Amino acid sequence: MQLVNQTFYFAVFIVLVGLMARFLANKDDDRAQFRVIYWPAGLSFLAASMLAFACAPWGGKLILALANIFLLAAMANISLLFSFWNDTLHFLNKLAIGLLLIAASVAYIYLQHFGETQDRIHLMNAVLSIFCIWQIVVLAQLLKKDNAYQIKILLGVEIFQLGTRIGRSLLSFGDASAPLASLYQEGGLAFGLRIAAVLSIVTVCILITNYYMEKLWHEYRRSSHAIEDGMLNSLNALSMVRDNETGNHILRTKNYVRALAERLKASGIYQNELSHKAIEDMVKAAPLHDIGKVGIPDTILQKPGALSDDEWHIMKTHASLGEDVLIAAKIKDAKHTNVLDAAIKIAGCHHENWDGSGYPKGLKGLEIPLAARLMSLADTYDALVSERVYKKEWSHDEACAEITNLKGKRFDPLIVEAFIQEKDNFLRISEMYSDAQ
């Protein structure tokens, strides 16, 4: 039985060392954001406790005393950690747990010299049960604010642990056999309850680690999205500085793209490419369609009249330039850059035509990315119904007729059909974000 106990405690020690290694593997700034001293301290005390329990048969009473005191310290730190999560950690909480830890440690040392093994077992179960009750109360309060599944499972595990400790003490009180000479002489149900209690503590540690990892993952995602949004806003600002279009043009084309995409999705067309996330990415990317104009000379970009053939040839390079600018902005091996990926497709291909007569690559049909095909129609409609220095604005009906006439030539026929169904919505959007406002 002694070998079984030692093997069990050493195995638990290895698991806890693995959890500690996982904690230390994170960068310092990541740990500081979510972790406080109570978690690494509790994990360290618990690992030291398990190692001491494994070595106690060889080290004598001192090692056994350290094992139990370290276990109490571990549970105290976990209790403080839960209170910290719940924003209820105050000086009085710390003082109460500190005094309980000191009193229990002194009482254990006293009983080790003047008491029996059962007395020490009852003491440990009583104090550890107090910590369990503390943790159960705090977790129940925390559950009202944080509905994470880890909190729910932690609450259940703590209740289970409390039951094992109470059961072990009751079993010991009802046992009329000779007093135990050593903890490791426990057998049968008492042994099983002790093992279950220790395993429940390990489960608590695993759940805490999982909770922290999920919190960090969510934080990384928020940071990633914030960085991406900041970069997109900067690129948008850069595009508008060099472009002669208005901010309302961006608002209109974004909403045109959304209207077309959602109509296609509702009609069961291109459903595999038009998930809710994909549509949002396209809408966010739409304002960057003409970012390549940052590379076009002002003499061409701001010319009040029609462009010459040479000037038009230079102007058409803005599609390739835009694609290159956005590719350069994309960090190598970066993940979750869906918006930037959509922007690259839109900027590089929104002047491609369905019949292959467009530029810069002469793509045809489905070779043209869907996001670019949507942007092409949206941009064309807005250009038609907007006044330019070189043209008067067209009426909504004239623009609709022109787009219908270009079905299968410049535009994807299915997207034109979606446009026809959404043409009243297009008119509403153009009026809502009119430059005349």
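The values are calculated or read from the model by the stated rules, or taken from the named source; none is laboratory data. Owing to the predicted nature of the structure, the values given are computational and were not obtained by experimental measurement. Positions of Cβ are backbone-derived with ideal geometry, glycine not excepted, and every protein chain shown enters the neighbour counts.
Under 7 Å by Cβ, and 6 or more places apart or on different chains, what pairs join a residue from segment 46-67 that is among the aromatic types (Phe, Trp, Tyr) with one that is at pLDDT below 90 and not in a loop (DSSP other than H, G, I, E, B)?
Taking only residues 6 or more apart or on different chains, the pairs are 53/9.
With the condition kept exactly as written, say whether any residue in segment 109-119 is assigned to a helix (DSSP H, G or I), surrounded by fewer than 15 Cβ atoms within 10 Å (Cβ to Cβ) and modelled with pLDDT under 90.
yes
Can residue 83 be described as small (Gly, Ala, Ser), surrounded by fewer than 21 Cβ atoms within 10 Å (Cβ to Cβ) and out of contact with any Cys (no Cβ under 8 Å at 6 or more places or on another chain)?
For residue 83, the condition - small (Gly, Ala, Ser), surrounded by fewer than 21 Cβ atoms within 10 Å (Cβ to Cβ) and out of contact with any Cys (no Cβ under 8 Å at 6 or more places or on another chain) - is not met.
Return the residue satisfying two criteria in turn: it lies in segment 228-267 and is of a type in the set (Val, Ile, Thr) and surrounded by 15 or more Cβ atoms within 10 Å (Cβ to Cβ), and of such residues it is modelled with the lowest pLDDT.
250
Among the listed residues 359, 381, which satisfies the condition of being within 19 Å of residue 288 (Cβ to Cβ), hydroxyl-bearing (Ser, Thr, Tyr) and assigned to a helix (DSSP H, G or I)?
Only one candidate passes the filter, namely 381.
Out of everything in segment 394-408 that is outside any helix (DSSP H, G or I) and among the small types (Gly, Ala, Ser), what residue ends up being farthest from residue 373 (Cα to Cα)?
Among them, the one singled out is 395.
Which count do you get for residues in segment 73-106 that are of a type outside the set (D, E, K, R) and outside any helix (DSSP H, G or I)?
Matching residues across segment 73-106 total 4.
Results for (1) over 20 Å from residue 379 (Cα atoms); (2) in the same structural domain as residue 248 (by TED's automatic domain parsing); (3) crowded, with 20+ Cβ neighbours inside 10 Å, shown as yes or no for each residue.
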residue: 269; (1), (2), (3): yes, yes, no
residue: 275; (1), (2), (3): yes, yes, no
residue: 288; (1), (2), (3): no, yes, yes
residue: 292; (1), (2), (3): no, yes, yes
residue: 302; (1), (2), (3): no, yes, no
residue: 306; (1), (2), (3): no, yes, no
residue: 312; (1), (2), (3): no, yes, no
residue: 322; (1), (2), (3): no, yes, yes
residue: 327; (1), (2), (3): yes, yes, no
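Mind counting the residues in segment 296-323 that are within 25 Å of residue 285 (Cβ to Cβ), modelled with pLDDT under 90 and not hydrophobic (A, V, I, L, M, F, W, C)?
Count: 1.
Within the bounds of segment 47-65, is there any residue that is among the aromatic types (Phe, Trp, Tyr) and buried (at least 23 other Cβ atoms within 10 Å of the Cβ)?
Yes, some residue in segment 47-65 is among the aromatic types (Phe, Trp, Tyr) and buried (at least 23 other Cβ atoms within 10 Å of the Cβ).
Going by the conditions given, is residue 416 at pLDDT below 95 and assigned by TED's automatic domain parsing to the domain that holds residue 256?
In short, no.
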